[in-house]
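Below: the structure, in structure tokens.
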Amino acid sequence: QVQLVESGGGLVQPGGSLRLSCAASGSIFDIYTMGWYRQAPGNQRELVAVISERGIRNVPDSVKGRFTISRDNARNTVYLQMNSLKAEDTGVYYCNALIRTVQDARYKDYWGQGTQVTVSS
């Protein structure tokens, strides 16, 4: 019913930039929050940034000032601009969204398939 499709990952040198995109599609009624999580090998999945439908952002200190999350509500798309990347930013980045579908009035959690980001020289 609902799909989240990510794009934009890859290999970048320390200090470089990448931009991730995630587009939601399907029988969507509305999307409350959209965000990004990441998981490095051996670590738990952690929040990178999240943005509400009204543009309220939650960004942890580990990426604040380097990563910027934005959202295009008309396109059901969320973006993550990552600047000044560090080796410790390496991991699989997952898109997440709280979505109500046309068929169900309850918000449910949806996840993308993940995109690899590798920061290395």
Test residue 83 against the stated conditions and say whether it is open to solvent by less than 80 Å² (accessible area, probe 1.4 Å), out of contact with any Asp or Glu (no Cβ under 8 Å at 6 or more places or on another chain), modelled with pLDDT of 95 or more and farther than 14 Å from residue 1 by Cα.
yes
Go through the range 53-104 and give me each residue that's without any contact (Cβ under 8 Å) to a residue 24 or more places away in the chain, closer than 18 Å to residue 27 by Cβ and part of a loop (DSSP other than H, G, I, E, B).
53, 104
Which members of the range 15-52 meet the condition of being part of a strand (DSSP E or B), out of contact with any Gly (no Cβ under 7 Å at 6 or more places or on another chain) and hydroxyl-bearing (Ser, Thr, Tyr)?
25, 32, 33, 37, 52
Give me the pairs: first residue in the range 1-21 and charged (D, E, K, R), second residue assigned to a loop (DSSP other than H, G, I, E, B), beta-carbon distance under 9 Å, and six or more apart or on different chains, which are they?
6/112; 6/113; 6/114; 19/8
Can you name the residue in the range 105-121 that is under 12 Å from the mean Cα position of the chain (by Cα) and in a loop (DSSP other than H, G, I, E, B) and, of all such residues, is surrounded by the most Cβ atoms within 10 Å (Cβ to Cβ)?
112
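The values are calculated or read from the model by the stated rules, or taken from the named source; none is laboratory data. Since the model is a prediction, treat every value here as computed from it, not as a measurement. We place every Cβ from the backbone using ideal geometry, glycine too, and count neighbours over all the protein chains shown. Surface accessibility is based on the protein's heavy atoms, side chains included, excluding ligands, DNA and RNA. Shrake-Rupley method; radii C 1.70, N 1.55, O 1.52, S 1.80 Å.
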